1. How much of B:Leu54 can a 1.4 Å solvent probe reach, expressed as accessible area in Å² and rounded to 10?
2. Calculate one ³J(HN,Hα) per residue across the stretch A:97-110 by plugging θ = phi - 60° into the Karplus curve 6.51 cos²θ - 1.76 cosθ + 1.60, and present them in order as whole Hz with x for glycine and proline.
3. Quick one: what do you get for chain B if you divide its Cα Rg by 2.2 N^0.38 Å?
4. Report, to the nearest whole %, how much of the accessible area of the protein assembly as shown belongs to carbon and sulfur atoms, 1.4 Å probe, protein only.
5. What is the set of long-range amide H partners of B:Gln134 at a cut-off below 5 Å, with H atoms built 1.01 Å from backbone N?
6. May I ask you to rank B:His34, B:His123, B:His86 by accessible area, largest first, using a 1.4 Å probe over the protein chains only?
7. Rolling a 1.4 angstrom probe over the protein heavy atoms, how many square angstrom per residue are accessible across the protein assembly as shown?
8. Give the distance, in whole Å, between the Cα centre of the stretch A:180-258 and the Cα centre of the stretch A:99-175.
Amino acid sequence: MSDVFDIFLLEAVLNGLLLGGLLALLSLGLNLIFGVIDVVWICYAELIMCGMYCVYYLHVQYHWPLLLAMLAAIGVVAFLGYVLHQFVIRPVLSAEPINQLLVTGGVLFFLQAAATLAFGIEFRNLGVALPSVQLGEMSFSGARLVAFGVALGGVIGLYFLLTRTYLGTAIRAISQDRSIMPLMGVDPAKIFALTSAIGGGLAGLAACLLVLQYDVHPAIGLSFGPITFLICVLGGLGNMLGGFIAAFIFAQFIAVGGFFFAVEWGYVIAFIFFIAVMFWRPRGIFGK
Amino acid sequence: MNYPLHLAILVLLWGYIYTSWSLMGRLGLVSFGHGAFMGIGAYTVVMLWNSYSLSPWIGAFVALALSAMVAVVIGYPCFRFRIVGHYFALVTLALSEVARLIITAARDTTGGSLGATPVTALHQGNTMAFGALQFAGKEIWLVIVFAFWLLGLWVWRMVDRSMGRLALQAISEEEEAAASIGIHVTRAKLRITIISALMTCVGGILYAQYQLYVNPDTVSGIAISLQMVFGVIAGGMFVMLGPTVGAAFTLLLAEGLRLAFGNRYPALDTTIYGVMLVLFIIYMPKGILGAALDAFRRKPQSAP
């Protein structure tokens, strides 16, 4: 009896690990943008929703090959990120910080409602099922394995971009000192726009992986948005490594909590853990 | 006659709830967690009535006690450890999600995401059940919400004229400096948070008893919390009637578009509303009423 129990618990833990990879990818773009521009995109999960619809329509309606549709979606969401920065964030960059948070909340309303208007409230399924992988008596969703691998790849790719390229060096420099960099010949406006596009691209990448596992509907952002913010805050806003670790901690709470109780209780425990940690380390576990 | 009455009730009820939120919001405490207090109010009362036949009058006290407790448990550490701005908004966001998820997860008693209906006390053509706080007539609801709306404005006024408001304003501008001149930052913030939470909780109770239906997604969670924040921003959070103007504006926008287009475009109102919010925050951060008052004040001065 205890054998069976343990193997299912192990399965839950490993599934939590896979979920952690996905959550880590979700938080990556948001963290990058916060670290560099000092703005929280409340509508980040809605950008992901746009990417999911993009993959869905290109693949199902226009019969594009899946990979091509995904590449296009990444491009579209990267462009959306750029547009969001240029037309919504830029005008309030010098306003009070809370206004920057709120203005993207307005975008959240808009995107969610526009998606309802354009696509209806139906749940749409991509209809691509990756085979599940058996390991002993445990089974793992293939889509989650792929997501985990891509998430790791994304994190490593971003790391190299930030440490090995001129653009990355400029991004890191500007996130350290916003006022000095213009004197060094780096144009912050250009860096901000590029960072927004990269952040959008990461949202697009997350969308490609989510669409393999979940149905798309206009309110899907609300089920991923809160948890993504909390992960970023838990890891210390702008701290990408912290966010990465926090994603795995959160995923374990959800997976193992969901194993012992119902799924919602897993989330409840994770959120309460988050609130408790904030009181212990108000700037996040790995914050300054 | 019923429809305009219904609209008036909703405007006053939401006006009251938005006013409660603004008590904190205008002093720099932007909370995304008020959905939790509304949810506590609505669900405590309905669940106690359904499961234990406890009158909402008593249930209300339980709900208020619970809200005050949650406000202290979340508020005290937040203020003690200087969790402000983004971080405060996101911690309270977690709170409102916790409330929604607990209500959804306890589906055996609460009915989960399908919502719940209070057991009716309006038997045999009774139009009023005072003990159960259920009234069939809309007129009496109009009187009730109007009274609470006035109460909300009165609290606003009292807060405005108190020393506490000056203290909080100082805190919202420069917390360290305020503390250095002897303002008890934690206590000042906690006091206004409890007032605001209790008022929002009452709003939840009224909403549940008026609609006679509760649903975790419409009384708690991130969606309703954002609705409060943005309703207030649209109306203007720095003037007393701003939140009410916000409530009226959002409701009339939704109803106006529904009358003009029928139900052909279900989310058209929120789409337009979203665009307007973005424009408001960028170009009119004081909201409709705030901007209108500014324009009105400027005119006499420009005359020679």
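1. Rounded to the nearest 10, that gives 50 Å².
2. Here the 3J(HN,Hα) series is x, 5, 5, 5, 5, 6, 5, 6, x, x, 5, 4, 4, 4 Hz.
3. Details: Rg = 19.8 Å, N = 304, 2.2 N^0.38 = 19.3 Å.
The reported ratio for this selection is 1.03.
4. Details: 17290 of 25350 Å².
Taking all protein chains in place, the protein assembly as shown shows 68 percent carbon and sulfur surface.
5. B:Ala129
6. Values: B:His34 0, B:His123 105, B:His86 20 Å².
These residues rank, largest area first, as B:His123, B:His86, B:His34.
7. Details: 25350 Å² over 592 residues.
So the protein assembly as shown comes to 43 Å² accessible per residue, rounded to a whole number.
8. Rounded to whole Å, the Cα centres lie 7 Å apart.
The values are calculated or read from the model by the stated rules, or taken from the named source; none is laboratory data. Keep in mind the model is a prediction, meaning the values are calculated, not measured. All Cβ positions, glycine included, derive from the backbone under ideal geometry; neighbour counts span all protein chains shown. Heavy atoms of the whole protein, side chains included, go into the accessibility calculation; ligands, DNA and RNA do not. Shrake-Rupley method; radii C 1.70, N 1.55, O 1.52, S 1.80 Å.
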